[in-house]
Amino acid sequence: MRLLAALLLLLPALAAAVESHAVVFMYHRFGEDRYPSTSVRIDQFEAHLDWLAGGGYTVWPLERIVQYLERGEAIPDRTIAITVDDAYASVYRHAFPRLRDRGWPFTVFVNTESVDRGLRDYMTWAQMREMQGHGVRFANHGAGHTALWRRLPEEDESRWRTRVRQDLEQAQARLQEELGAQTNTAPALFAFPYGEYTLALADYVKELGYVGFGQHSGAIGPLSDRRALPRYPMAEPYAARDGFATKAASLPLPVAAVEPAEPLVRENPPRLDITLAEHGPAPKAVACYLNGRPMRVEIEARRLRIQASAPLPKGRSRYNCTAPAGGKRYYWFSQPWMVD
């Protein structure tokens, strides 16, 4: 009986070890210290790469992770993908040579108008073609890098959908014209500018044939919403090695249902109901945070109810929920919010 009880206590950790999952990191700039909110220091980035190399991690192309998820194939434990948004010039100067020397793939989400305008802060198409020759992937970040979820004044749904489709199609066409057929892969990948999306936008992006990526934290697993998959944003204030290590080892909190799934806040502060899957951790083990501060969690069976104690500020916020998964690893789930 004691052995059976011990095994039952270990079941959540055992499930964590075998569940198919991956972690995706997102960067913007490298070594651009005047932009600490979007840049990592070079020593931080090198510490990240050293940690992955020494920790038994495997770096996969992002589209391979998505393909495995869609086919229901098991992704090995400690699988990582590295992504970069916006195609800044420091990607070519600093990230590319370090990742090339390790033979590691990564994906750059390109907002194509900035590149076409020849802005000094961005890479050139020629540089991207050179990178492509070393296995770097390039994917859609929209043409104009605008908050596509927001409708223009007097814009009805039909005109909004047309504008969104044209923005994505323009970006995809430029990627294919400059970088060739490699960018015309299945599944097509799209990163929401600023990580901002509504369900209407996420649904339409899926309808257009893309798998979407946000900027909210968490690991990716079979239950993750493929309209807006999570990535861990990396920037100088949050890029310390210990925090990076915790995120690299994280597992997807098995969430069966989220209400509301809509990130655009209708009632402030928003109340979030999360229903945990049966194979997930005990509800009482889950702790939730807003800006690093613990939040009150009400529990009813396997449903958690979380609500901030005060209205969220204008702009972007997140409720982050974690739970121990054994072996100094954590389940992780993040719900993004936007206050307009």
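Where a number appears in this text, it was derived from the coordinates with a stated rule and is not lab data. Because the structure is a prediction, the values reported are computed rather than measured. Methodologically, a virtual Cβ is constructed for each residue, glycine included, from the backbone with ideal geometry; neighbour enumeration extends over all protein chains shown.
Numerical summary
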| quantity | calculated |
| --- | --- |
| Antiparallel DSSP beta bridges within the chain, percent to nearest 5 | 55 |
| Dipole magnitude of the chain about its Cα centre (Cβ charges: Lys, Arg +1; Asp, Glu -1), debye to nearest 20 | 780 |
| Distant alpha-carbon pairs in the chain (separation over 32 angstrom), percent | 29 |
| Under 17 Å from the GLU73 label point (7 Å along Cα→beta-carbon), backbone N, the stretch 209-246 | 221-222 |
| Exposure proxy ranking, count of Cβ atoms within 10 Å, fewest first, for TYR35, TYR331 | TYR35, TYR331 |
| Ordering of 90-101, 206-217 by burial proxy (mean other Cβ atoms within 10 Å per residue, highest first) | 206-217, 90-101 |
| Simple spin-label estimate for LEU223 and SER309 in nanometres, 7 Å along Cα-Cβ | 2.9 |
| Gain in span if fully extended, ARG316 to GLN176, counting 0.36 nm per residue against the direct Cα distance | 47.2 nm |
| Those lysines that a straight Cα-Cα span of less than 30 Å connects to LYS206, excepting residues fewer than 8 apart in one chain | LYS247, LYS314 |
| Residue exposure sequence - PHE244, PHE190 - by fewest surrounding Cβ within 10 Å | PHE244, PHE190 |
| Whether the stretch 197-340 is rounded, prolate or oblate, judged on the alpha carbon gyration tensor where a/c under 1.5 counts as rounded | rounded |
| Highest-fluctuation residue, SER39, SER158, SER317 considered, GNM on the chain with Cα pairs under 10 Å | SER158 |
| Chain lengthening between GLU154 and GLU169 when straightened (0.36 nm per residue, less Cα-Cα) | 3.1 nm |
| Simple spin-label estimate for ARG117 and ALA285 in nanometres, 7 Å along Cα-Cβ | 4.9 |
| Residue among GLN127, VAL255, ALA282 farthest towards the positive dipole end of the chain, charges placed on Cβ | ALA282 |
| Expected 222 nm ellipticity per residue - DSSP helices of 4 or more, -39500 (n - 2.57), all of the chain, to 500 | -9000 deg cm²/dmol |
| Cα principal axis extents for the stretch 256-339, largest first, Å | 37, 24, 18 |
| Reachable aspartates and glutamates from LYS284, criterion Cα separation under 18 angstrom, eight or more residues apart if same chain | ASP273, GLU298, GLU300 |
| DSSP bridge pairs, the stretch 256-339: antiparallel proportion in percent, nearest 5 | 95 |
| Charged-residue dipole, Cβ positions (Lys, Arg, Asp, Glu), the stretch 256-339 about Cα centre, Debye nearest 20 | 340 |
